[in-house]
Structure formats: C-alpha cells, structure tokens
1. In the list Val133, Val149, which residue meets the criterion of being under 20 Å from the mean Cα position of the chain (by Cα), under 30 Å from Leu49 (Cα atoms) and at pLDDT 95 or above?
2. With the structure loaded, tell me whether Ile32 is out of contact with any Phe, Trp or Tyr (no Cβ under 6 Å at 6 or more places or on another chain), modelled with pLDDT of 95 or more and farther than 17 Å from Ile134 by Cβ or whether it fails that test.
3. Considering region 110-136 alone, what residues qualify as being assigned to a loop (DSSP other than H, G, I, E, B), free of Cβ contacts under 8 Å to residues at least 40 places away in the same chain and closer than 17 Å to Arg147 by Cα?
4. Hey, Leu107 hits all of (1) surrounded by 16 or more Cβ atoms within 10 Å (Cβ to Cβ); (2) part of a loop (DSSP other than H, G, I, E, B) but one; which does it fall short on?
5. Run Ser26 past the list (1) modelled with pLDDT of 90 or more; (2) of a type in the set (Ser, Thr, Tyr); (3) under 19 Å from the mean Cα position of the chain (by Cα) and report the number of the one that doesn't hold.
6. Tally the residues that are assigned to a helix (DSSP H, G or I) and over 18 Å from the mean Cα position of the chain (by Cα), restricting the search to region 32-57.
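The values are calculated or read from the model by the stated rules, or taken from the named source; none is laboratory data. Because the structure is predicted, anything quoted here is derived from the model rather than measured. Virtual Cβ from ideal backbone geometry, glycine too; neighbours counted across all protein chains shown.
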Amino acid sequence: MTRLLPFPFVSFGLLLLWLLLNQTASLGQFVIGCVIALVGGWILTTLQLPRGGVRRPSTLLRLLGLVSVDIIRSNVAVGRIILGFGRRQRTSGFVNIPLELRNPYGLALLACIITSTPGTLWVNFDRQNGLLVIHVLDLIDEGDWIRTVKGRYERLLLEIFE
C-alpha cells in the first residue's frame with residue numbers, strides 16, 4: 001500500500017485541492033484528481049525527503065497562535081504605513097540573524113512565517129554558518145528583529161523539531 005500511496009496525506013490534499021480548484025466533484029474530475037494525487041505522491045518519493053516529525057504538537061499550536069497575532073499586528077502596521085499615518089521617515093533594510101535551527105522542516109516553517117508576515121521577507125539562508133537574511137519594510141532596530149525571530153519563533157521551532 002505504501003508503494004501506491006507513499007504520502008497519503010499529500011495525495012489526499014492534492015485530490016481535495018484539484019476538486020476545489022475545479023469547483024466540481026464530477027466523476028471525470030475526481031478521476032483526474034486521483035491520477036494527479038497518485039503522481040504527486042510518487043514524485044515526492046524521488047525527492048528523498050528526510051524523515052521528520054513534530055515532537056510537541058502543543059508547542060506548534062502555541063506557535064500558530066503567536067504567528068496569527070503577529071500577522072494581524074503587521075497588517076495593521078503596514079496599512080498605517082501605506083495610508084500615511086505617522087509621517088516619520090521610514091527606512092527599509094536587511095537584517096542578518098544567526099540561527100541555531102538546522103532542521104529543514106523547521107527552516108521551511110520559519111520561511112513561511114517570515115514571508116507571510118507583512119513587512120518582512122525571507123531573503124537568504126546560509127546553511128554553512130546558519131545566517132538568515134531578512135528584509136524589513138520599516139527597520140527601526142536590528143537587535144529587536146533578531147530578538148523577535150530568535151526568541152519568538154526559533155525557540156519554539158527548536159522545541160517542535162529538534
């Protein structure tokens with residue numbers, strides 16, 4: 001069974017996504033979706049993904065809540081910048097953040113968190129020395145951003161994945 005469906009959750013997700021994108025659950029679309037789901041699962045086996053898992057699901061839920069609040073706050077802050085409230089000089093810039101996190105799934109989740117938060121963007125990660133570069137729309141204090149990423153996100157991701 002694992003040869004047919006090596007990643008059953010991914011295959012199910014692909015099937016569901018296909019049906020949602022086509023806005024129908026007709027037999028023809030269902031069959032096409034099943035073929036796409038099977039092929040998608042087989043393609044993932046060629047990537048030879050490292051085994052991994054979530055060690056602390058409760059910490060993952062806490063991180064999800066924290067990120068949700070941060071995204072809402074960032075949306076408000078970027079909205080205020082765009083609408084011109086608080087007419088002080090804005091400077092954008094790059095911040096170098098040294099990371100201890102090396103788990104590929106933890107790094108991928110951190111990339112999603114940083115990029116989905118308005119006003120920030122994941123630019124580069126140097127795997128050899130663990131240096132993350134992010135771009136910040138309204139950069140006031142680099143140290144504050146380093147403390148935020150390391151203290152709020154990396155610490156929880158280390159608990160979840162390491």
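1. Working: Val149 fails: at pLDDT 95 or above.
Val133 is the lone residue from the list that is under 20 Å from the mean Cα position of the chain (by Cα), under 30 Å from Leu49 (Cα atoms) and at pLDDT 95 or above.
2. Values: out of contact with any Phe, Trp or Tyr (no Cβ under 6 Å at 6 or more places or on another chain): yes; modelled with pLDDT of 95 or more: yes; farther than 17 Å from Ile134 by Cβ: yes.
In short, yes.
3. Our first condition is that a residue be assigned to a loop (DSSP other than H, G, I, E, B); within region 110-136, this holds for 117-119, 127-130.
Now drop any that are not free of Cβ contacts under 8 Å to residues at least 40 places away in the same chain, which leaves 127-130.
Result: Gly130, single match.
4. Just one mismatch for Leu107, condition (2).
5. (3)
6. 15
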